[in-house]
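Report on the following structure.
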Amino acid sequence: MTAKRPLRQEHLFFIITGLVEGMLTALTLATAKMLHSSESISTGLAIRIALAAGLPTVVVLFAAEYARQRQTLQRMAHQLNMTRRNHLAEGKLGRQAWRESGFAALASGLCSFVGALMPLLLASALPGPGWPAVAVSLACLGGLGAGIGYATASCKNCWAWVLVIAGGALAWLGDVLQVV
């Protein structure tokens, strides 16, 4: 019998980052279309916006996480007084950092895709104006904020309101910019 690997703190970071980023991107890009268009968002548009949210997240998170892990390996080599600073980063630990960074980036990108897609699919399924999808996105951000507050043993309401206000601000900005 094998033991299950618990959800590591780093994984939770990438999941939350992806979900929040996806919802905020969807609000920014599609709010004007959801609120002011006589036609609802199509499923194809929802998928395209979700891809626009998810794919850049993979690249950004991979670059940031891999750079962080390589810097940690270089710092460890320096603390161990190794003559070559890249010795750890070029070996097995460097390959492990590359794999872990790739996994984290893919997880975050997938969560960003899902976070953007869900409210947009709701908007495409409901006839008429898309304000319910905006409201659901803001409620989901509030729920994520409460979850962050719970996970960090801090103020759940504070986190919830911060994400709801940030989502509202980006929805307003999306309404002003009218990107889609």
Of the residues that sit in the stretch 115-153 and are assigned to a helix (DSSP H, G or I) and of a type in the set (Val, Ile, Thr), which one is surrounded by the fewest Cβ atoms within 10 Å (Cβ to Cβ)? Val136
Within the set of pairs 6 or more residues apart or between chains, which connect a residue that is on the phi < 0 side of the Ramachandran plot inside the stretch 92-106 to a residue that is hydrophobic (A, V, I, L, M, F, W, C) and surrounded by fewer than 20 Cβ atoms within 10 Å (Cβ to Cβ) with Cβ atoms less than 7 Å apart? Ser101/Phe62; Gly102/Phe62; Ala105/Phe62
Please specify each residue of the stretch 25-40 satisfying the condition of being modelled with pLDDT of 90 or more and farther than 13 Å from Leu120 by Cβ. none
Of all residues in the stretch 169-180 being crowded, with 17+ Cβ neighbours inside 10 Å and assigned to a helix (DSSP H, G or I), which is farthest from the chain's Cα centre (by Cα)? Asp175
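Okay, residues lined up against (1) under 22 Å from Leu19 (Cα atoms); (2) exposed (fewer than 15 other Cβ atoms within 10 Å of the Cβ); (3) in contact with an Asp or Glu (Cβ under 6 Å, 6 or more places away or on another chain):
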{"site": "Ser38", "(1), (2), (3)": "no, yes, no"}
{"site": "Ala53", "(1), (2), (3)": "yes, no, no"}
{"site": "Ala63", "(1), (2), (3)": "yes, yes, no"}
{"site": "Tyr66", "(1), (2), (3)": "yes, no, no"}
{"site": "Gln74", "(1), (2), (3)": "no, no, no"}
{"site": "Gln79", "(1), (2), (3)": "no, yes, no"}
{"site": "Ala107", "(1), (2), (3)": "yes, no, no"}
{"site": "Phe113", "(1), (2), (3)": "yes, no, no"}
Unique residue being among the polar types (S, T, N, Q) and in contact (Cβ under 8 Å) with a residue 60 or more places away in the chain when the list is Thr83, Thr57, Thr72, Thr43: Thr43
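The values are calculated or read from the model by the stated rules, or taken from the named source; none is laboratory data. Note that the structure is predicted; figures quoted are calculated from it, not measured. Please note: Cβ atoms are built from the backbone with ideal geometry, for glycine as well, and neighbour counts cover all protein chains shown.
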